[in-house]
Amino acid sequence: MSISGKADPVVRRIAAADIAEALGQGLRDFQAVPLYGLVFGAFYAAGGIAIVLCLTGFGLVYLAYPLAAGFALIGPFVAIGLYEVSRRREAGLPVSLGAIWATVRTRGEIGWMAFVTLFVFVVWMYQVRLLIALLLGLNASFGSLQEFITVVLTTNEGLLFLAIGNAVGAALSLILFSLTVVSFPLLLDRDVDFVTAMITSVRSVVTSPLPMIGWAALIVILLAVSAMPYFLGLVVTLPVLGHTTWHLYRRIIAPLPA
């Protein structure tokens, strides 16, 4: 039972074929209403560009690489509107920015999930800065991203930083993925609390570990590749992944009994 006293959502086992089919459905959603996907994708990409520009202005351009690596962490939060687009299309409801915002605004528990997501992102960035201080020097400063990459790839300390940073990043990504993979769609779809949503999300990963970890890896790879050309690839990648996540959620969580 959830903390609200309601029955917990029923989690179903999925296979790799379910992910492939959900990906096809997500692509069709994007093709059917591309404007909404492009708007949310552009917002996500613009956020990445703005943060990099701020880092450059403050002389912290070397943090652009870990920022790009960690930017995928907040994807589930940014894609909330895309889940709602797919939900409304599936239910035969009209799709508009006003309707999307009205629905999201009434789901108060989403705010708590957003806090969890942003908290993990902040932890990621702080641990990167801590590793830089411990391994590359307390007052380490780099004039350019190229200089930072050279140090990381050509020195023992840099390679150790890269290994530990990627290991910690992978662990944080897996934790956040497990907590959010169905949490946001579930909070949009049903009247549940955010703790129940997170527990259900973790249960979905535990129930189908290999397909879900494969899905997580695919998300990271696609977002990382899309972020390379100044985050512009995210304009298309984010909406397709967002719509796909909704359809995958529908395959994982059994519908309520009639």
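The values are calculated or read from the model by the stated rules, or taken from the named source; none is laboratory data. Treat the numbers as computed from the prediction; the structure is a model and nothing was measured. Note that each Cβ is placed from the backbone with ideal geometry, even for glycine, and that neighbours are counted across all protein chains shown.
Conditions (1) under 27 Å from Val128 (Cα atoms); (2) out of contact with any Leu (no Cβ under 7 Å at 6 or more places or on another chain), marked per residue:
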{"residue": "Leu179", "(1), (2)": "yes, yes"}
{"residue": "Asp189", "(1), (2)": "no, yes"}
{"residue": "Val195", "(1), (2)": "no, yes"}
{"residue": "Val235", "(1), (2)": "yes, no"}
Would you mind finding the one in Arg129, Arg88 that is touching a residue at least 60 places away in the same chain (Cβ under 8 Å), part of a helix (DSSP H, G or I), out of contact with any helix residue (DSSP H, G or I) (no Cβ under 6 Å at 6 or more places or on another chain) and surrounded by 12 or more Cβ atoms within 10 Å (Cβ to Cβ)?
-> Arg129
Could you tell me whether the range 228-235 includes any residue that is part of a helix (DSSP H, G or I) and either free of Cβ contacts under 8 Å to residues at least 40 places away in the same chain or closer than 24 Å to Trp112 by Cα (or both)?
-> no
For Ile199, the lone unmet condition from (1) in contact with a Gly (Cβ under 7 Å, 6 or more places away or on another chain); (2) β-branched (Val, Ile, Thr); (3) under 23 Å from Gly111 (Cα atoms) is (1)
Does Leu174 qualify as being assigned to a helix (DSSP H, G or I) and either under 12 Å from the mean Cα position of the chain (by Cα) or of a type in the set (Ser, Thr, Tyr) (or both)?
-> yes
Go over the candidates Phe115, Phe184 one by one and state the one that is surrounded by 14 or more Cβ atoms within 10 Å (Cβ to Cβ) and closer than 23 Å to Ile74 by Cα.
-> Phe184
Just one listed residue, out of Leu187, Leu159, Leu135, is in a helix (DSSP H, G or I) and either under 22 Å from the mean Cα position of the chain (by Cα) or closer than 26 Å to Val240 by Cβ (or both), and it is Leu187
For the subset of the range 220-258 comprising residues that are polar (S, T, N, Q) and closer than 13 Å to Gly37 by Cβ, which member is surrounded by the fewest Cβ atoms within 10 Å (Cβ to Cβ)?
-> Thr237
Looking at the range 62-70, is at least one residue modelled with pLDDT of 85 or more and among the hydroxyl-bearing types (Ser, Thr, Tyr)?
-> no
Does the range 91-104 contain any residue that is aromatic (Phe, Trp, Tyr) and surrounded by fewer than 19 Cβ atoms within 10 Å (Cβ to Cβ)?
-> yes
